[in-house]
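*Asks:* This is the structure, below, for whatever I ask next.
The values are calculated or read from the model by the stated rules, or taken from the named source; none is laboratory data. Only a predicted model underlies this, so the values are computations on that prediction, with no experimental measurement involved. Note that we place each Cβ from the backbone using ideal geometry, even for glycine, and neighbour counts take in every protein chain shown.
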Amino acid sequence: MQDLSFDSSDLGETEEFLVKAYTKMRIGGAGEQSRARIARRALGPIGMDELAFTYDMNFDASPLSRIVLCEMRSGHIEETISGRQTDVFAPGDLTLFSPPGQPHSGTVRGASYDLTVFDTAILDRVAATTPRARQTPVMLTGHRPVSAAAGRRLGALIGYLRDHVLSDQQARASELVISNAVTHLAATTLNAFPHNASTDPTAADRRDAGVPALLRRAVAFIDENADRDIALADIACAVYLTPRAVQYMFRRHLDCTPTEYLRKVRLHHAHLELLTGSPQESTVSAIARRWGFAHTGRFAAFYRQAYGRSPATTLRS
């Protein structure tokens, strides 16, 4: 993803920009004012967009190839998916703009809204479909959150990424911070929307999870690659198991998820840097970011829970 900026009152220019940024479409407008303002800030493979239209814009769009989450700020959007299902998005709503692979049309009525855009393959980092459909990618199957609480959790995460991580240039430049952000966004999106992923371990998953050698191999992979951009799918691939089996194995034997174990390992590496560093040469926030912790306060809380003192105290000692 790259940062983008657009501001125009020309419908032709607006259509051209929307096609390049999202998908092939045709638009039309009504009203004396036809100004469109669009800004995208990139967080690795995630695009965080702000859009505002001063007029009613009709659109007829081809299927999206990416996940596009929509948070309404003002006005409203009327959308019809695949010519059948019609919905209206109002201020405060968080929805999937349109499930990938389905054409959509409608009207943006003097609306301003935020979009969070990322590739569908990112969902495969944290989940998988059933063994029979192992070649089928993980997909969202509905455009409304499964519950208000799940929608709020996703909205809170997007707000945190937009307001805190994007505003920190050093965090935006950290591969591990971006990796954590992508993984967390994928997992929270799957928790918020209906999908085709299988979350319960199968009999084969339970059998595989009982093999001690596979657990040792998974732990070794995490230990050796904690400084790299790895996710659940990478761990599963390294030990030739399904993501479900890996999650079940860690829960069963270590009483934590693979992601939680990865965080513990990265926290340990940060601890070692704090022990050997000095306040004159480094800072707690820089060390935290280096190991994937974008929020210094949360890093300090994890650190205190693990080591019984603040990271600043360790750095000064």
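*Asks:* Any idea which residue in the stretch 247-281 is surrounded by the fewest Cβ atoms within 10 Å (Cβ to Cβ), counting only those that are at pLDDT below 90 and not charged (D, E, K, R)?
*Replies:* Here the residue is GLN280.
*Asks:* Name the pairs whose Cβ atoms lie under 8 Å apart, with the first residue in the stretch 253-264 and without any contact (Cβ under 8 Å) to a residue 12 or more places away in the chain, the second of a type in the set (D, E, K, R), and 6 or more positions between them or separate chains?
*Replies:* CYS256/LYS264; THR257/ARG251
*Asks:* Would you please name the residue that is farthest from the chain's Cα centre (by Cα), looking only at residues in the stretch 25-84 that are under 21 Å from THR189 (Cα atoms) and of a type in the set (Asp, Glu)?
*Replies:* Checking each candidate, the answer is GLU79.
*Asks:* Something else about it: Scan MET57, MET1, MET48 and give me the residue that is closer than 24 Å to LEU161 by Cα and touching a Gly at 6+ places or on another chain (Cβ under 8 Å).
*Replies:* Exactly one residue qualifies, and that residue is MET1.
*Asks:* Something else about it: Could you please let me know if ILE222 is touching a helix residue (DSSP H, G or I) at 6+ places or on another chain (Cβ under 6 Å), within 26 Å of GLY44 (Cβ to Cβ) and of a type outside the set (Lys, Arg)?
*Replies:* yes
*Asks:* Quick one: which residue in PHE6, PHE53, PHE17, PHE118 is touching a residue at least 60 places away in the same chain (Cβ under 8 Å) and of a type in the set (Phe, Trp, Tyr)?
*Replies:* Unique residue meeting the criteria: PHE118.
*Asks:* If I filter the stretch 294-310 for residues that are at pLDDT below 95, under 23 Å from the mean Cα position of the chain (by Cα), hydroxyl-bearing (Ser, Thr, Tyr) and surrounded by 15 or more Cβ atoms within 10 Å (Cβ to Cβ), do I get at least one hit?
*Replies:* There is at least one residue in the stretch 294-310 that is at pLDDT below 95, under 23 Å from the mean Cα position of the chain (by Cα), hydroxyl-bearing (Ser, Thr, Tyr) and surrounded by 15 or more Cβ atoms within 10 Å (Cβ to Cβ).
*Asks:* Check whether at least one residue in the stretch 61-72 is surrounded by fewer than 16 Cβ atoms within 10 Å (Cβ to Cβ) and at pLDDT 95 or above, and report yes or no.
*Replies:* Within the stretch 61-72, not a single residue is surrounded by fewer than 16 Cβ atoms within 10 Å (Cβ to Cβ) and at pLDDT 95 or above.
*Asks:* Sort out which residues of the stretch 136-165 are closer than 23 Å to PHE89 by Cβ and either hydroxyl-bearing (Ser, Thr, Tyr) or part of a loop (DSSP other than H, G, I, E, B) (or both), and write them in order of number.
*Replies:* Within the stretch 136-165, the first condition is being closer than 23 Å to PHE89 by Cβ, and the residues that meet it are 139-163.
MET139, THR141, GLY142, HIS143, ARG144, PRO145, VAL146, SER147, TYR160, listed by residue number.
*Asks:* I would also like to ask the following. Kindly indicate whether any position in the stretch 167-174 is under 19 Å from LEU190 (Cα atoms), at pLDDT below 95 and in a helix (DSSP H, G or I).
*Replies:* Within the stretch 167-174, not a single residue is under 19 Å from LEU190 (Cα atoms), at pLDDT below 95 and in a helix (DSSP H, G or I).
*Asks:* Here is a follow-up. Please find, within the stretch 282-293, the residue that is nearest to the chain's Cα centre (by Cα) out of those that are among the hydrophobic types (A, V, I, L, M, F, W, C) and crowded, with 18+ Cβ neighbours inside 10 Å.
*Replies:* By that ranking, first place goes to PHE293.
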